1. Rounded to whole Å, give me the distance from the Cα center of the range 14-72 to that of the range 253-283.
2. Using a ≥ b ≥ c from the Cα gyration tensor of the range 190-253 (square roots of the eigenvalues), is it rounded, prolate or oblate, where a/c under 1.5 gives rounded and otherwise the larger of a/b and b/c decides, a/b for prolate?
3. How big is the dipole moment of the range 1-142 about its Cα centre under a simple scheme where the beta carbon of each Lys and Arg is +1, that of each Asp and Glu is -1, and everything else is neutral? Debye, nearest 20, please.
4. Just want the ordering: M141, M132, from fewest to most Cβ atoms lying within 10 Å of their own Cβ.
5. Looking at the range 1-143, what % of the alpha carbon pairs are farther apart than 26 Å?
6. Arrange the following residues from fewest to most other Cβ atoms within 10 Å of their Cβ: I274, I97, I36.
7. Apply the Karplus curve 6.51 cos²θ - 1.76 cosθ + 1.60, θ = phi - 60°, to the phi angles in the range 243-252 and return the couplings in whole Hz, x for Gly and Pro.
8. Which trypsin sites (Lys or Arg not before Pro) in the range 13-86 sit in a loop by DSSP (not H, G, I, E or B) and have at most 15 other Cβ atoms within 10 Å of their own Cβ?
Amino acid sequence: MYADFRWPNWAQTSDLNLEVLSERPPAGVTPRPTPIVFAHGAFMGAWSWQAHFLDYFARQGFHAVAPSFRGHGQSEGFDRLDSASINDYVNDLEAVIGELGGPPPILVGHSMGALVAQRYMERAPVAGTVLMAPVPPHGLMPSTLRMLAGDPLLYLQFGMMQFFGPAAMNTDVAQRAVFSQSPDRPDMSGYAAQVQRESQRALWDMTVHARGRPTLARRHGPMHVIAGGDDALFTAQETRAVAQLWDASWAVVPSLAHALMIEPGWQQAADSLIGWLDQHGLA
């Protein structure tokens, strides 16, 4: 269902140690020169990429790296989580990439991590960028209001989890937000056990400051946006607005929901991403 825990590497930003999970190409696989770095979404951690993507991309020749932002996963800083901003997460990403060396990485961001990726591009070059189910340019408010009106029980679950922690969450209800309603969906309790609260400040940033700023970005190579056709949080039109803002390509994976990298069918999203990278010669 999800990968066993592996002892992470560590990076340091300011006075905090950050969990950094990584996989390198196995023996017999020709390594690609450009690393690929995955930025996780809100309420998650590097574990969301370890479930499938790190090993899968390593077997495609990539050095695949996934940090947990401060206060997430095994990273330090949970005691100060609510003061962490999107800019703080950018600092974390910058520290991790700074320790990789080599050429500018390929950057893949999911949801909140897609906004972190866009902000990182204002500081440093990247070889290319893929934004998966990104926060729309107009922020979280439309999604929040849509959930309140259309699925108030789900809205309540988010509030319960945010203020009282994951133990207060009804897994059967909450999984509607991020997983499709596939009849062959496996038990998601293993993932639910790793979900956590998100920073109040970061949520505010995503509500009022979520618009990408292409004019501030440094050299960033091509960009691609991937949407889940069954995403209950962000509509296809909302994610397409991100692609239009950056003049990026855009694709929909019809059968997947918001958590494209961990639900059944995740390989469709991974193969779509790899196909785009190969098409643009990003190796």
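1. If we compute the Cα centre of each part, the gap is 15 Å.
2. Working: a/c = 2.02, a/b = 1.32, b/c = 1.53.
It is oblate, given that a/c is not under 1.5 and a/b is not larger than b/c.
3. Working: 8 positive and 13 negative charges, 94 e Å.
Dipole about the Cα centre, nearest 20: 460 debye.
4. On the way: M141 13, M132 29.
Lowest count first: M141, M132.
5. Details: 1887 of 10153 pairs.
Tail fraction, whole percent: 19.
6. Values: I274 19, I97 22, I36 28.
Ascending number of Cβ neighbours within 10 Å: I274, I97, I36.
7. Karplus-based 3J(HN,Hα) across the range 243-252 equals 4, 5, 4, 9, 6, 9, 6, 8, 9, 10 Hz.
8. Details: sites: R59, R70, R80; in loops: R59, R70.
Sites meeting the loop and neighbour criteria: R59.
None of the figures in this text is laboratory data; all of them are computed from the coordinates on show. As the structure is a prediction and not an experimental result, all values here were calculated from the model. Positions of Cβ are generated from backbone atoms using ideal geometry, with glycine treated the same way; all protein chains shown enter the neighbour counts.
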